[in-house]
């Protein structure tokens with residue numbers, strides 16, 4: 001990155017960061033950023049009097065998941081555990097295990113710890129010991145993703161869970177070598193600027209699924225911020241006005257099917273913005 005200095009018509013010096021520089025024969029052509037990002041940054045400042053930066057964070061966030069068994073009349077989170085997650089009020093998610101004794105890979109687990117009402121992002125690596133549970137070095141209040149960081153595929157299903165309690169991540173049986181969970185949490189230092197949502201239904205042409213993007217701000221309840229329906233043709237929604245997720249919020253996509261045993265997928269696209 002380089003900084004260029006320019007004087008305007010009034011003689012005032014302006015400074016601009018540029019990602020690349022060119023030559024006289026091949027001048028650099030600047031890339032115009034997605035207009036929605038500066039719009040969202042401006043809205044955050046107007047609403048919350050907080051200055052944020054997407055450039056300084058330099059991290060996009062894409063959350064995708066799959067539910068293999070949506071049924072009529074029951075709304076569920078789009079994740080490969082099924083049902084809805086039981087959200088923890090403390091750092092109680094502390095175990096990882098496989099259903100196959102041969103699984104000894106390193107697994108990366110990303111999530112958040114909770115202190116008071118503030119979430120802090122944590123990434124850690126745990127080495128599987130087959131069907132013997134391994135204790136996480138840092139117990140979590142939220143578990144967002146697990147993925148295989150080894151050189152061999154998972155032979156069994158790997159889960160992250162509360163000792164004696166609920167499951168919060170699962171690699172499932174799809175061979176994805178990671179969890180498939182269209183839900184996440186935003187730390188106390190970040191905003192999430194959501195720019196798109198992809199939803200689709202697999203299999204039966206008769207199945208229609210109502211999807212709901214839900215956000216729960218700190219101390220509040222989950223609220224639907226966007227809803228859409230689709231069948232096996234699928235839909236991608238590009239938000240003309242981005243959906244802004246505040247710090248310390250939980251986010252999930254839920255689905256409600258018109259047919260039993262429906263397989264549904266969802267993906268949320270967006271950019272993290274750090275508080276500066």
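The values are calculated or read from the model by the stated rules, or taken from the named source; none is laboratory data. Note that this is a predicted model, so its numbers are computed, not measured. Glycine gets a Cβ as well: all are built from the backbone with ideal geometry, and neighbour counts include every protein chain shown.
Here is the figure for the stretch 1-40: residues that are surrounded by 10 or more Cβ atoms within 10 Å (Cβ to Cβ), at pLDDT 80 or above and not in a loop (DSSP other than H, G, I, E, B) total 5. When residue 224 is tested against (1) modelled with pLDDT of 95 or more; (2) in contact with a helix residue (DSSP H, G or I) (Cβ under 9 Å, 6 or more places away or on another chain), only condition (2) is not met. In the set (1) over 30 Å from residue 50 (Cα atoms); (2) crowded, with 17+ Cβ neighbours inside 10 Å; (3) under 20 Å from the mean Cα position of the chain (by Cα); (4) touching a residue at least 40 places away in the same chain (Cβ under 8 Å), the condition left unmet by residue 154 is number (3).
Just to verify a result, which residue in the stretch 205-217, among those that are over 17 Å from the mean Cα position of the chain (by Cα) and surrounded by 14 or more Cβ atoms within 10 Å (Cβ to Cβ), is farthest from residue 270 (Cα to Cα)?
To start, the set of residues in the stretch 205-217 that are over 17 Å from the mean Cα position of the chain (by Cα) comprises 205-210.
Add one more test, that the residue is surrounded by 14 or more Cβ atoms within 10 Å (Cβ to Cβ), and what stays is 207-210.
On the way: 207: 28, 208: 26, 209: 23, 210: 21 Å.
Ranking the candidates gives 207 first.
Out of 224, 257, 249, I need the residue that is in contact with a strand residue (DSSP E or B) (Cβ under 6 Å, 6 or more places away or on another chain), within 30 Å of residue 115 (Cα to Cα), buried (at least 17 other Cβ atoms within 10 Å of the Cβ) and in the same structural domain as residue 71 (by TED's automatic domain parsing). Which one? From the options 224, 257, 249, the qualifying one is 249. Screening the stretch 162-276 for strands (runs of 3 or more DSSP E) wholly inside it with 2 or more residues that are in contact (Cβ under 8 Å) with a residue 60 or more places away in the chain returns the ranges 167-170, 183-185, 190-202, 209-216, 235-245, 250-257, 262-275.
Against the definition (surrounded by 15 or more Cβ atoms within 10 Å (Cβ to Cβ), within 16 Å of the chain's Cα centre (by Cα), at pLDDT 95 or above and in the same structural domain as residue 106 (by TED's automatic domain parsing)), how does residue 133 come out, yes or no?
No: the conditions fail for residue 133.
Residue-wise test of (1) more than 16 Å from residue 253 (Cβ to Cβ); (2) touching a residue at least 12 places away in the same chain (Cβ under 8 Å); (3) in a strand (DSSP E or B).
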residue	(1), (2), (3)
66	no, yes, yes
74	no, yes, no
87	no, yes, no
108	yes, yes, yes
124	yes, yes, yes
136	yes, yes, yes
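Inclusion of residue 143 among residues that are under 30 Å from residue 210 (Cα atoms), surrounded by 14 or more Cβ atoms within 10 Å (Cβ to Cβ) and not assigned by TED's automatic domain parsing to the domain that holds residue 250 is warranted. If the condition is being surrounded by 14 or more Cβ atoms within 10 Å (Cβ to Cβ) and under 22 Å from the mean Cα position of the chain (by Cα), then the stretch 95-119 contributes 95, 96, 107, 108, 109, 110, 111, 112, 113, 114, 118, 119.
Would you mind stating whether residue 188 is within 28 Å of residue 228 (Cβ to Cβ) and either modelled with pLDDT of 95 or more or outside the structural domain of residue 256 (by TED's automatic domain parsing) (or both)?
Values: within 28 Å of residue 228 (Cβ to Cβ): no; either modelled with pLDDT of 95 or more or outside the structural domain of residue 256 (by TED's automatic domain parsing) (or both): yes.
Considered against the rule, which asks whether it is within 28 Å of residue 228 (Cβ to Cβ) and either modelled with pLDDT of 95 or more or outside the structural domain of residue 256 (by TED's automatic domain parsing) (or both), residue 188 comes out as no.
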